[in-house]
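The values are calculated or read from the model by the stated rules, or taken from the named source; none is laboratory data. The structure presented is a predicted model; accordingly, all values stated were derived computationally and were not measured. Cβ atoms come from the backbone with ideal geometry, glycine included; neighbour counts cover every protein chain shown.
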Amino acid sequence: MSETLKPETAEQVLDAVKWAAASESPLAVRGQGSKDAFGRAVEADHTLDLSGLSGICCYEPNELFMTAGAATTLAEIEAALRQNNQQMAFEPADLGVLLGGEEEAGTIGGAIACNLAGPRRIKAGAARDHFLGFNAVSGRGETFKSGGTVVKNVTGFDLSKLIAGSFGTLAVMTEVTFKVLPAPEKTRTVLVLGLSDQDAMKAMAKALGSSHEVSGAAHLPEAAAKVSKVSHVAGAGRSVTAIRVEGPGPSVEHRCRALTALLRESGGIEELHSENSALLWREICDVRLLDGDGGNEGGGGRQVWRLSVSPMNGAGVAAKLTGLSGASVFYDWGGGLIWLAMDAEPDAGHEKVRQAVKFAGGHATLVRAGADVRNRVPVFEPQTGALRELTARIKEGFDPKGILNPGRMVEGV
Amino acid sequence: MKMPKPDAGVIARRAEIIKAMQAIVSGEGVITEDEELRAYDHDGLMAYKGLPLVVVLPETTEQVSAILEYCAGNEVKIVPRGAGTGLSGGALPLADAITLGLGKFNKILEIDFDNRTVVAQSGVTNLGLTQAVEDEGFYYAPDPSSQIACSIGGNIAENSGGVHSLKYGLTTNNVLGIEMVLMSGEIVRFGGKYLDSGGYDLLGVATGSEGLLGVITEVTVRILRKPETARALLIGFPTNETAADCVAAIIGAGIIPGGMEMMDKPAIHATEDFVHAGYPLDVQALLIVELDGPEVEVDHLIERVDAIARQTGATYLRISQSEEEREVFWSGRKNAFPAVGRISPDYLCMDGTIPRHKLAEVLNRIEELSRQYGLRVANVFHAGDGNLHPLILFDANEPGELKKAENFGADILRYCVEVGGVLTGEHGVGIEKRDLMGVMFTEDDLKHQQRLKCAFDPAHLLNPGKVYPTLHRCAELGRMFVHEGKLPFPDIPRF
Ligand SMILES: Cc1cc2nc3c(=O)[nH]c(=O)nc-3n(C[C@H](O)[C@H](O)[C@H](O)COP(=O)(O)OP(=O)(O)OC[C@H]3O[C@@H](n4cnc5c(N)ncnc54)[C@H](O)[C@@H]3O)c2cc1C
């Protein structure tokens, strides 16, 4: 018998988890299910649907934080923030379309559990860096909290870091508090046209190594640029390297000029203003520029990897992936993030991908593939030795019966 | 402050332990004489002292690994120590524990400007990182006032902050990777020159772990290009309330300054007497607001902050016109601790964080408590992020005065929690706030934290007696009491 439990209060979550622990019935934990296809398929009889735990509990713009039910939608949060000219600076990616679902789905709890981040990761950090505190129920069927509402807090271990990125395998968050920040007054993007991947890494390093507070640095090889809905980008007929600056008006103009001067010798330069800038970075953030995906739901069965490496190695890593059938890539984070799409293979080319990452130092995640492939191939970077044992012991400590999203990250954990 | 009772059995084995250490670390790296051990008998929390069993100063990660493996096998405790500047007693020695000093881990291993990273051994000082890259115009952003002395390993263990953390983040936001030796002697790496991890965020967990989870031997940090310019405003207010209003209004206007620091009247006077920064003496509160970035941005924001300050009732306002003048503005604030040290035989530095809008309320409460306890207090704080540093002045030679000062401090911290804040913003729990953990956390909260500890150090050999008032045995923490399970919640909607 498979049931969906839909608690409406934190107490009911506690009851549900207690029951699951006592009867050793694994639970698939979900917010809105927008990222069900991210990670390994969970081996669970029942679903714990948290969508009842929704709503902003406390938002004090001057205090720069918000507390909300874990399943509050990102859409609701973003709307509230917009009214106060604020934002979640970590720019949570909307992977809905990439994962074959809807746009604008997803909850704050999901964003934190997957440690989402966008192009601003290089300057402002990921969800982990903005996650201030939570209430949760661990797999032991006990309520606990950590952190608070203030940014500076070193009282006890930083369990917020542990929970961010744990894909619901340690505890069920019921309420979360996160940092919010002023939205930039102005955004512009400097485009450098026609760079090879390798030269683009250098140009981005130059921009990021300048004092101009670059808040996004992405490189779109020609095939990726073509997919963009921004006409300057799609029509460039060449690769496009995009450098974003944000801030007060006069400052943005000044920095754009300075960056243009800095990068002029690298290639032809164009500039995108507010609206086009916003659209392009949305496309980069939400991974809508993979050639062959054509923006289709599910990308016509192509598989997608996300590789995090040291930025200057980006192009070198990608060069090692060209042997994969139908491989196409684009780069974010100054070259440190590679999005790779490829024609579906039963093993998702994982050995090749992991080999390539190993050369640079980093990790790779299989973000999109059929459930069968995701259960065969390690989705997250495989761990060995002491690290693997540590992970298992932490899981054992927080969820000894293995009832929370079992197998979502690592088989058997 | 009660510490766990030293294990007489371990102390009895001292000679044998020393021998084992000498087999791993040769020569002067094993310190055994009382005279020399005294150099390690306390950290920045000066009121507490004690001699360690022995001090070992290894030079390589392999030696650290061998030491920990030996200690794990022989049930010997370890207190990791960086530069010993910690203010909460985290590196306080224990009579039955080896103090493992990382002073010899002082090499910068790699500077990579293209990837904007520095790899260094954990004993390198915070300022040493900046000095290694400043010729090329780069710096390491988190800048605790102790930066000339404190180690980057200690910064990670405490998740330290500095005046620039408001804009550039704390240690945890600026560290990319570490090498850590577990109590078992196993060497692990979390992170590297890339972002985030493919599993649980153990880098994030190790940051702020106060030496309880492992010994950090190597770090990878990100470096930033220095801003084009920086200018500061020195703003005086007739009341704490108006100063607090100004802080709220600046943030409310969407401005995140590079730094925003506040001092109250006693702090202004103490620092002015000491460094003669030219601070106004007829104001109740002083703000230093620093804006950094391109000149046009700084000019633009200075104008806006200037206007906000006037609107909120500033009675004194000066804008730095040169780099020298900016540094003079800061000189008082940066010397606040020694300045207060001059006007009182001893002081305790507290470290609570509160919601910004409670600033004035908390200051008033501190003033009240100061009268009640009959102890003077000077306040300096990172106003931008609500992190208070009340300095409680006392004389340790007066019988009972330390205790009184500690009680005063505890009352301040309790009040911080009461108004929605936390016990410590950047100095750590250590032994100082250990017994207050229950004010902020329930027993279940603390047990979950300790389960993390158990995954790293099941025998509680690393830095015992610190952070947690009671350490539960890991076997007990692992036990689960399950209630017999039929679906016990008829009221949960099901589908
Ligand atoms: C005058 C003064 C000003 C200060 N200003 C600030 C400030 O502005 N901001 C701020 O945040 N702090 C400040 N501090 C506090 C202190 O400098 C920081 O906490 C610093 O990070 C401690 O570093 P350390 O190397 O001295 O660590 P230690 O004092 O040696 O150790 C601190 C803790 O970390 C552990 N530890 C140290 N090294 C390691 C390692 N390699 N591996 C594992 N655990 C380790 C120890 O066990 C201990 O628990 C100040 C201190 C003083 C004396």
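Looking at (1) out of contact with any Ser or Thr (no Cβ under 9 Å at 6 or more places or on another chain); (2) in contact (Cβ under 8 Å) with a residue 12 or more places away in the chain; (3) over 23 Å from A:ASP286 (Cα atoms); (4) in a helix (DSSP H, G or I), which is the only condition A:VAL353 fails?
(3)
Can you name the residue in the stretch B:89-145 that is of a type in the set (Ser, Thr, Tyr) and within 14 Å of chain A (Cβ to nearest Cβ) and, of all such residues, is nearest to B:GLY293 (Cα to Cα)?
B:TYR139
I'm trying to understand the selection: among the residues of the stretch B:119-138, which are in contact with a strand residue (DSSP E or B) (Cβ under 9 Å, 6 or more places away or on another chain) and within 16 Å of the ligand (Cβ to nearest atom)? Spell out how you get there, then give the answer.
Our first condition is that a residue be in contact with a strand residue (DSSP E or B) (Cβ under 9 Å, 6 or more places away or on another chain); within the stretch B:119-138, this holds for B:119-126, B:128-133, B:136-138.
Result: B:VAL119, B:ALA120, B:GLN121, B:SER122, B:GLY123, B:VAL124, B:THR125, B:ASN126, B:GLY128, B:LEU129, B:THR130.
If I go through the stretch B:114-128 residue by residue, how many of them are assigned to a helix (DSSP H, G or I) and among the aliphatic types (A, V, I, L, M)?
Final tally of qualifying residues: 1.
Residues of the stretch A:154-180 being more than 7 Å from every other protein chain (Cβ to nearest Cβ) and of a type outside the set (Val, Ile, Thr), which ones?
Within the stretch A:154-180, the first condition is being more than 7 Å from every other protein chain (Cβ to nearest Cβ), and the residues that meet it are A:160, A:163, A:167-180.
Within the stretch A:154-180, A:SER160, A:PHE167, A:GLY168, A:LEU170, A:ALA171, A:MET173, A:GLU175, A:PHE178, A:LYS179 meet the criteria.
Conditions: (1) surrounded by fewer than 24 Cβ atoms within 10 Å (Cβ to Cβ); (2) within 23 Å of the chain's Cα centre (by Cα); (3) not basic (Lys, Arg). B:GLU367 meets all but one. Number of the miss?
(2)
Would you tally the residues in the stretch A:127-149 being assigned to a loop (DSSP other than H, G, I, E, B) and either more than 7 Å from chain B (Cβ to nearest Cβ) or touching a Leu at 6+ places or on another chain (Cβ under 7 Å) (or both)?
4
Can you tell which of B:LEU348, B:LEU363 is of a type outside the set (Gly, Ala, Ser) and within 16 Å of the ligand (Cβ to nearest atom)? Give the steps one after another, and end with the answer.
Numbers: B:LEU363 fails: within 16 Å of the ligand (Cβ to nearest atom).
That would be B:LEU348, the only listed residue that is of a type outside the set (Gly, Ala, Ser) and within 16 Å of the ligand (Cβ to nearest atom).
Among the residues of the stretch B:413-444, what is the count of those that are within 16 Å of the ligand (Cβ to nearest atom) and charged (D, E, K, R)?
Total satisfying the criteria: 4.
Anything in the stretch A:47-93 that is touching a residue at least 60 places away in the same chain (Cβ under 8 Å), part of a loop (DSSP other than H, G, I, E, B) and within 17 Å of A:ARG30 (Cβ to Cβ)? List them, or say none.
Correct list: A:LEU50, A:LEU53, A:ALA70.
For the stretch B:441-456, check the following and say yes or no: at least one residue is modelled with pLDDT of 95 or more and small (Gly, Ala, Ser).
yes
Pairs under 7 Å by beta carbon, first residue free of Cβ contacts under 8 Å to residues at least 60 places away in the same chain in the stretch B:68-92, partner in a strand (DSSP E or B) and near the ligand (Cβ under 6 Å from one of its atoms), six or more apart or different chains?
none
Please state which of the following conditions B:GLY86 fails to meet, knowing it meets all the rest: (1) in contact with a Cys (Cβ under 6 Å, 6 or more places away or on another chain); (2) surrounded by 24 or more Cβ atoms within 10 Å (Cβ to Cβ); (3) not assigned by TED's automatic domain parsing to the domain that holds B:LEU195.
(1)
Taking the stretch B:33-87 as the search range and keeping residues that are of a type in the set (Phe, Trp, Tyr) and more than 10 Å from the ligand (Cβ to nearest atom), which one is nearest to B:ILE108 (Cα to Cα)? Show your work before the answer.
Restricting attention to the stretch B:33-87, the residues satisfying the condition of being of a type in the set (Phe, Trp, Tyr) are B:40, B:48, B:70.
Filter again for more than 10 Å from the ligand (Cβ to nearest atom), leaving B:48, B:70.
Working: B:TYR48: 33, B:TYR70: 28 Å.
Top of the filtered list is B:TYR70.
Run B:TYR200 past the list (1) within 12 Å of chain A (Cβ to nearest Cβ); (2) at pLDDT 95 or above; (3) within 16 Å of the ligand (Cβ to nearest atom) and report the number of the one that doesn't hold.
(3)
Among the candidates B:ILE308, B:ILE302, single out the residue that is under 19 Å from B:PRO227 (Cα atoms), more than 28 Å from the chain's Cα centre (by Cα) and within 14 Å of chain A (Cβ to nearest Cβ).
The conditions single out B:ILE302.
Note down all Cβ pairs under 8 Å where the first residue falls in the stretch A:18-35 and is over 18 Å from A:SER2 (Cβ atoms), the second is in a strand (DSSP E or B), and they're at least six residues apart or on different chains.
A:GLY31/A:THR107; A:GLN32/A:THR73; A:GLN32/A:THR107; A:SER34/A:THR107
Mind listing just one residue for me: the one in the stretch A:252-274 that is without any contact (Cβ under 8 Å) to a residue 24 or more places away in the chain and within 14 Å of another protein chain (Cβ to nearest Cβ) and, of those, farthest from A:SER196 (Cα to Cα)?
Filtering first and then ranking leaves A:HIS254.
Can you go through A:ALA360, A:ALA315 and tell me which one is surrounded by 20 or more Cβ atoms within 10 Å (Cβ to Cβ), modelled with pLDDT under 95 and not assigned by TED's automatic domain parsing to the domain that holds A:ALA117?
A:ALA360
Could you say which residue among B:ALA206, B:ALA244, B:ALA249 is within 16 Å of the ligand (Cβ to nearest atom) and within 12 Å of chain A (Cβ to nearest Cβ)?
Only one candidate passes the filter, namely B:ALA206.
Since B:GLY409 meets every condition but one in (1) over 27 Å from B:LEU234 (Cβ atoms); (2) in a helix (DSSP H, G or I); (3) without any contact (Cβ under 8 Å) to a residue 60 or more places away in the chain, which condition does it not meet?
Exception for B:GLY409: condition (3).
Looking at B:ASN397, B:ASN463, which is the one that is within 13 Å of chain A (Cβ to nearest Cβ) and either out of contact with any Phe, Trp or Tyr (no Cβ under 9 Å at 6 or more places or on another chain) or buried (at least 22 other Cβ atoms within 10 Å of the Cβ) (or both)?
B:ASN463
Can you work out which of the residues in the stretch B:1-60 that are among the acidic types (Asp, Glu) and in a loop (DSSP other than H, G, I, E, B) is nearest to B:PRO464 (Cα to Cα)?
From the stretch B:1-60, those among the acidic types (Asp, Glu) are B:7, B:16, B:28, B:33-36, B:41, B:43, B:59; that's our starting set.
Subset that is in a loop (DSSP other than H, G, I, E, B): B:7, B:33, B:41, B:43, B:59.
Working: B:ASP7: 12, B:GLU33: 24, B:ASP41: 16, B:ASP43: 16, B:GLU59: 24 Å.
It comes out as B:ASP7.
If we keep just the residues of the stretch B:97-113 that are in a loop (DSSP other than H, G, I, E, B) and within 16 Å of the ligand (Cβ to nearest atom), which is surrounded by the fewest Cβ atoms within 10 Å (Cβ to Cβ)?
B:LYS107
Please find, among B:ALA405, B:ALA410, the residue that is modelled with pLDDT of 95 or more, more than 16 Å from the ligand (Cβ to nearest atom) and buried (at least 21 other Cβ atoms within 10 Å of the Cβ).
None of the other options fit; the residue is B:ALA405.
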